[in-house]
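A short write-up of the structure that comes next.
The values are calculated or read from the model by the stated rules, or taken from the named source; none is laboratory data. Because the structure is predicted, anything quoted here is derived from the model rather than measured. Cβ sites come from the backbone with ideal geometry, for glycine too, and all protein chains shown count toward neighbours. Accessible surface is based on the protein model in full, side chains and every heavy atom, while ligands, DNA and RNA are left aside. Shrake-Rupley method; radii C 1.70, N 1.55, O 1.52, S 1.80 Å.
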Protein chains: 2
Amino acid sequence: MSTAKNNKPTESELEILGILWEKGAGTVREVHEVLEKSKDAGYTTTLKLMQIMHEKGLLKRDTSSKTHVYEAAISQESTQQQLLTRMIDTVFNGSATQLVMQALGNHRSSQEELDMIKQYLNTIEEQQKK
Amino acid sequence: MSTAKNNKPTESELEILGILWEKGAGTVREVHEVLEKSKDAGYTTTLKLMQIMHEKGLLKRDTSSKTHVYEAAISQESTQQQLLTRMIDTVFNGSATQLVMQALGNHRSSQEELDMIKQYLNTIEEQQKK
DNA sequence: ATTTGTTTACGAAAATATTCGTAGATCAAT
DNA sequence: ATTGATCTACGAATATTTTCGTAAACAAAT
């Protein structure tokens, strides 16, 4: 229960979080520029969205200079986790395995990635033996 | 482009689809009864939702008897696929592998399931060699 | 045939999410 | 100090999603 996270991000908010998780931090303009590529919305729309997200506790911001700098206030991992859980629940009959296989089947993975996953599976098995 | 599927289901609609995918088909009352366990909403709310879904082409229905029987009109697989893709895109930095590992890490899987996944990985590798 | 319970249809309210116009602040360059 | 560009704040319009009240149809039981 560290930072406010009982607010589940909306679709648009997720897009912004995604951008900030990658960038690390950024101004409204920077975020907006990325957003524009996949979406068309005005600058003030992005601004407003980010302000709301700040109010909700989804973003932190540094207002020390005129141009504010924003940063995600919730971790990518915990958000991923929440979304995954919900998705497995409602759409994958509660089976994580089903989700994993579906993901592997339709999204080309390189040999390196497959190896990484295999290795990870081994790690899990080791843990379970204990 | 068989049946209308350009309509992405909303959150509530997904819950209903999930139920129908499991049941195969059902009346409003039946769906509502399942829904009630995790949510609280009136009967007519569920009814309306399912009517809308029918209009959108998300559900088929049999109106031959007084009590209509509904069934999902879009496949679970294609829906899973769409959702996975979007999720990987916005929240997992475009990496399916990242999603897979996150899912494996936090949702306990039995040894049987792990074996199944391993086997599936081998299948994929075989395919890629060709 | 009247009552009772269950169903669909419809419309509209309520709640949420998204969008943007406008005004005022700030700063750099003229 | 005026202009121009860029930024934040704010409020409100739009759009979308969710909710439910009410009425009419229907069937089974009294």
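A few remarks follow.
- Chain A, accessible surface, carbon-and-sulfur percent (1.4 angstrom probe): 48
- Overall dimensions of the range A:76-129 by Cα: Rg and Dmax, Å: 12.8, 31
- Comparing B:Gln76, B:Gln98, B:Gln111 in a Gaussian network model of chain B where C-alpha atoms under 10 Å apart are linked, the largest mean-square fluctuation is found at B:Gln111.
- Comparing mean-square fluctuations of B:Leu17, B:Leu84, B:Leu104 from a GNM of chain B with C-alpha springs under 10 Å, the top value falls on B:Leu104.
- Share of pairwise Cα separations in chain B, more than 17 Å, in percent: 68
- Candidates B:Met101, B:Met50, B:Met116: whichever shows maximal mean-square fluctuation once chain B is modelled as a Gaussian network with Cα springs under 10 Å: B:Met116
- Set of the range A:100-124 residues, backbone N closer than 17 Å to the point 7 Å along the Cα-Cβ line of B:Lys130: A:105-109
- Among the trypsin sites (Lys or Arg not before Pro) within the range B:18-107, those in coil by DSSP and having at most 15 neighbouring Cβ atoms inside 10 Å are B:Lys39, B:Lys66.
- Put a dot 7 Å past the Cα of B:Asp62, heading toward its Cβ, do the same for A:Ser78, and the two dots end up 4.8 nm apart.
- For the range A:76-129, size of Cβ-based charge dipole, Lys and Arg +1, Asp and Glu -1, in debye: 180
- The protein assembly as shown: projected area of the alpha-carbon convex hull, averaged over directions, in nm²: 18.3
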